[in-house]
1. Is it the case that some residue within the stretch 159-168 is within 16 Å of the ligand (Cβ to nearest atom), on the phi < 0 side of the Ramachandran plot, in contact (Cβ under 8 Å) with a residue 60 or more places away in the chain and in contact with a His (Cβ under 8 Å, 6 or more places away or on another chain)?
2. Only one residue in VAL87, VAL67 is out of contact with any Pro (no Cβ under 7 Å at 6 or more places or on another chain), surrounded by 21 or more Cβ atoms within 10 Å (Cβ to Cβ) and part of a helix (DSSP H, G or I), so which one is that?
3. Kindly establish whether LEU196 is surrounded by fewer than 19 Cβ atoms within 10 Å (Cβ to Cβ), touching a residue at least 40 places away in the same chain (Cβ under 8 Å) and in a loop (DSSP other than H, G, I, E, B).
4. Can we say PRO22 is part of a loop (DSSP other than H, G, I, E, B) and open to solvent by less than 50 Å² (accessible area, probe 1.4 Å)?
5. Considering only residues that are without any contact (Cβ under 8 Å) to a residue 40 or more places away in the chain and open to solvent by less than 40 Å² (accessible area, probe 1.4 Å), which ones fall in the stretch 254-273?
6. Got a sec? Which of VAL3, VAL82 is aliphatic (A, V, I, L, M), within 16 Å of the ligand (Cβ to nearest atom) and buried (at least 22 other Cβ atoms within 10 Å of the Cβ)?
7. Need pairs with beta-carbon distance below 6 Å; first residue without any contact (Cβ under 8 Å) to a residue 60 or more places away in the chain and within 11 Å of PRO83 (Cβ to Cβ) and within the stretch 19-32, second open to solvent by 10 Å² or more (accessible area, probe 1.4 Å) and within 11 Å of the ligand (Cβ to nearest atom); sequence gap 6+ or separate chains.
8. Is it true that some residue in the stretch 48-62 is aromatic (Phe, Trp, Tyr), within 26 Å of VAL249 (Cα to Cα) and either within 16 Å of the ligand (Cβ to nearest atom) or in contact (Cβ under 8 Å) with a residue 24 or more places away in the chain (or both)?
Amino acid sequence: MSVDGLDVLDERQAIDTHAHQPTSEFLHDAGGQMMQDAADRFGSEMETWSYEEMIAEYHDAGVGKAVLLGWDAETNTGNPPVPNDYVAEVRDEHPEFFIGFGSVDPLKDDCVEEAIRCVEDLDLSGFKFQQIAQGFDPSQPEYEQLFDTIEDLGVPVVFHGGNSTLGACSPGGRGLQVKYGNPMLIDDVAARHPDLQILIAHPAYPWEKEQLAICQQKGNVYMDLSGWMPRYIDDQVLQYAKSLLEDKVMFGTDYPMLEPEPWLEQFAELDFSEETQRKILWENAKEFFGLD
Ligand SMILES: [Zn+2]
């Protein structure tokens, strides 16, 4: 274990709630030009590497599991999905490490059937939505059937929260609309589906206060700290993470855009108690994802 100041990682129990594929399937195919915009903005290369390298990197940082997310924003972006069968295949090759989450495009006619197939045939553990890339408002009635179905399937969902760097600084932001990342739209879904367990990914900039209010008020809504290096996370989010919401906030990176070791090094600097570190790094996630 190589992160100074995080003794709690010694048993490699930490769970990353938010990881994408470090491969062309995500970065180049599904991501395409809007991902290139984000990479240019942050001065990173769209480099790819293998799952074996990925897992070794996590193990070195003291992390034992990661949620691997599918991606289907085909209707809105025109880019191919990271197929659910592919996510299941990668999970099956590394079942100890990956928890597989599917993705369905809510704008496709067969999204309800695909959601059922993901759970019943592919044994995926939940669903990821990226409302900005997918171009939909989850509070609208036309998506009720999809969320009813997922609630009945009994698996959790991850919604994107806040702004997105996809399409950063391009003309018109490649047509993507930031408003769909407002967590208030997720509050409507949470109110109508009390048995649907919801994780709002990322500190939801610029709506962190709304997100904190929803996480406090809705027993079925949680959040993670992915997508932001700890040093740049809103102070109020960090205050809540170590007090009122210590049972609801989870560790996540947004791999491969952010990587576990540097993230955890900055997390160690926050001076959270060991009890809170354990909750955020794995205990809350274990409960949320129903792991033993
Ligand atoms: Zn992400």
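The values are calculated or read from the model by the stated rules, or taken from the named source; none is laboratory data. Everything numeric here is computed off the predicted structure, so don't read it as measured data. Methodologically, a virtual Cβ is constructed for each residue, glycine included, from the backbone with ideal geometry; neighbour enumeration extends over all protein chains shown. Each accessible area value is taken on the protein alone, full model and side chains, heavy atoms only, with ligands, DNA and RNA left out. Shrake-Rupley method; radii C 1.70, N 1.55, O 1.52, S 1.80 Å.
1. yes
2. Only one candidate qualifies: VAL87.
3. no
4. Yes: the conditions hold for PRO22.
5. Answer for the stretch 254-273, where residues must be without any contact (Cβ under 8 Å) to a residue 40 or more places away in the chain and open to solvent by less than 40 Å² (accessible area, probe 1.4 Å): LEU258, TRP263, GLN266, PHE272.
6. That would be VAL82, the only listed residue that is aliphatic (A, V, I, L, M), within 16 Å of the ligand (Cβ to nearest atom) and buried (at least 22 other Cβ atoms within 10 Å of the Cβ).
7. ALA30/TRP71
8. yes
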